[in-house]
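The values are calculated or read from the model by the stated rules, or taken from the named source; none is laboratory data. Please read all numbers here as calculations on a predicted model, not as lab measurements. Backbone-built Cβ (ideal geometry, glycine too); neighbour counts: all protein chains shown.
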Amino acid sequence: MTEEREHPELPRIGFEQDDLDGYSLEELSEYLDRGRMPRDPAIEASPGCRLALEALERLTGVTAELRAADTAAEAPADEGWVQEILAGIALDVRAGRRIPVGASIPGVDLGITEGAVRGVIRAAERLFPRVLIGSCRLDGEVTEPGAPVRIRLDVSVPYGAPILDLVAGLRAEIGARLRAHTELTVSGIDITVRDITVRESGAGESGVGESGVSETHWLPIGTQAER
Amino acid sequence: MNLNTDAALALELEAAVRTVPGVVEVYRTGTPVARAIAVGGERLGIGAAPQPLVSIERAGDGIQVEVSLGVSGSVGAGDTVAAATVVLSALLAERGCTAPELRITVVHISEVPGGSAAA
């Protein structure tokens with residue numbers, strides 16, 4: 001059903017094509033590059049593909065901006081963090097576990113997939129310019145009503161942004177989204193800043209260094225119980 | 001009930017659930033392999049008419065209905081599926097289906113400008 005095609009911007013990452021209903025990430029990226037035209041009903045009818053397209057769209061916006069900066073600065077791009085983001089996307093589009101919602105009613109079984117929840121968490125990055133969520137995990141027994149669940153995220157943030165404020169804002173937004181769409185008992189949202197992306201090379205006051213586009217910092221930024 | 005009747009009922013259920021505020025899309029239910037086979041068959045023109053997106057299973061006098069939904073982020077997912085339950089249950093009752101078993105799963109939440117229902 002699918003063909004492997006070369007797409008220089010997308011490193012190959014391991015994932016199950018079942019999660020994308022037979023499509024590869026390369027094919028979806030090419031579909032996105034065409035502006036999702038002509039509309040492919042099979043792709044649009046796949047929730048996994050929709051999640052992947054949305055995440056790729058956000059990632060493409062940020063990487064395009066960084067590449068423009070790279071070209072201007074004539075500095076080599078470090079795309080290791082892009083690989084991490086893509087790996088996170090590949091994992092997130094899996095439907096995963098089924099999380100119950102709604103009151104228990106005889107003969108009625110209502111639920112939401114883990115993939116859908118990760119998708120709405122990941123989409124929170126849209127409200128924070130140049131922030132990208134890499135991995136996103138729901139740790140705990142999400143299928144059991146009332147069981148504590150911890151959200152764990154790795155993110156990359158833009159250089160110069162006040163990290164603590166940004167992370168606090170992202171945590172609040174994600175917490176609000178989870179309350180709006182799930183009945184999960186969220187015991188905490190752990191956000192680790194794994195990368196800081198800079199738009200211009202050069203040290204100067206930044207102290208970042210001259211050699212690359214990004215530097216990697218691991219900063220566990222506290223935790224906060226949401227419920 | 002024969003397959004044609006169930007197929008017609010599935011289409012009715014799909015049309016009904018699409019009218020529920022907050023429902024953006026109805027997705028095909030089933031395992032990834034089953035979905036791939038159905039989609040692949042449709043693309044190749046193999047087999048009968050396109051398979052309904054809503055799944056209906058019969059066991060004795062009982063009926064099991066399974067629906068996979070894409071919902072809008074502007075409405076809480078729980079509220080949307082609750083409303084879908086009311087609509088589907090009413091339609092099944094009209095069609096003489098007693099004690100149906102409904103399984104509704106949200107598989108995608110569409111982002112809205114400015115954020116989700118949380119905003």
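Per-structure values
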| item | result |
| --- | --- |
| A:Glu210 closer than 17 Å to A:Val117 by Cβ and modelled with pLDDT under 95 | no |
| Any hit, the range B:80-88, residues being of a type outside the set (A, V, I, L, M), at the interface with chain A (Cβ under 9 Å from one of its Cβ atoms), outside any helix (DSSP H, G or I) and free of Cβ contacts under 8 Å to residues at least 40 places away in the same chain | no |
| Residues (in a loop (DSSP other than H, G, I, E, B) and either under 23 Å from A:Gly134 (Cβ atoms) or at pLDDT below 85 (or both)) located in the range A:14-45 | A:Gly14, A:Phe15, A:Glu16, A:Asp21, A:Gly22, A:Tyr23, A:Ser24 |
| In the range A:178-199, the residues that are in a loop (DSSP other than H, G, I, E, B) and at pLDDT 95 or above | A:Thr182, A:Glu183, A:Leu184 |
| Residues of the range B:51-76 that turn out to be touching a residue at least 40 places away in the same chain (Cβ under 8 Å) and either closer than 21 Å to A:Leu51 by Cα or in a loop (DSSP other than H, G, I, E, B) (or both), as a count | 13 |
| All positions within the range B:89-116 that are charged (D, E, K, R) and either farther than 24 Å from A:Phe128 by Cα or more than 8 Å from every other protein chain (Cβ to nearest Cβ) (or both) | B:Glu94, B:Arg95, B:Glu101, B:Arg103 |
| Matching residues in the range A:37-49 - criterion: being closer than 22 Å to A:Arg118 by Cβ and either in contact (Cβ under 8 Å) with a residue 40 or more places away in the chain or more than 14 Å from every other protein chain (Cβ to nearest Cβ) (or both) | A:Pro47, A:Gly48, A:Cys49 |
| Qualifying positions in the range B:70-111 - hydroxyl-bearing (Ser, Thr, Tyr) and surrounded by fewer than 18 Cβ atoms within 10 Å (Cβ to Cβ) | B:Ser89, B:Thr98 |
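Here's the yes/no breakdown for (1) over 20 Å from A:Leu59 (Cα atoms); (2) surrounded by fewer than 19 Cβ atoms within 10 Å (Cβ to Cβ); (3) small (Gly, Ala, Ser):
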{"site": "A:Val93", "(1), (2), (3)": "no, no, no"}
{"site": "A:Gly96", "(1), (2), (3)": "yes, yes, yes"}
{"site": "A:Ala116", "(1), (2), (3)": "no, no, yes"}
{"site": "A:Leu127", "(1), (2), (3)": "no, yes, no"}
{"site": "A:Ile133", "(1), (2), (3)": "no, no, no"}
{"site": "A:Val149", "(1), (2), (3)": "yes, no, no"}
{"site": "A:Val167", "(1), (2), (3)": "no, no, no"}
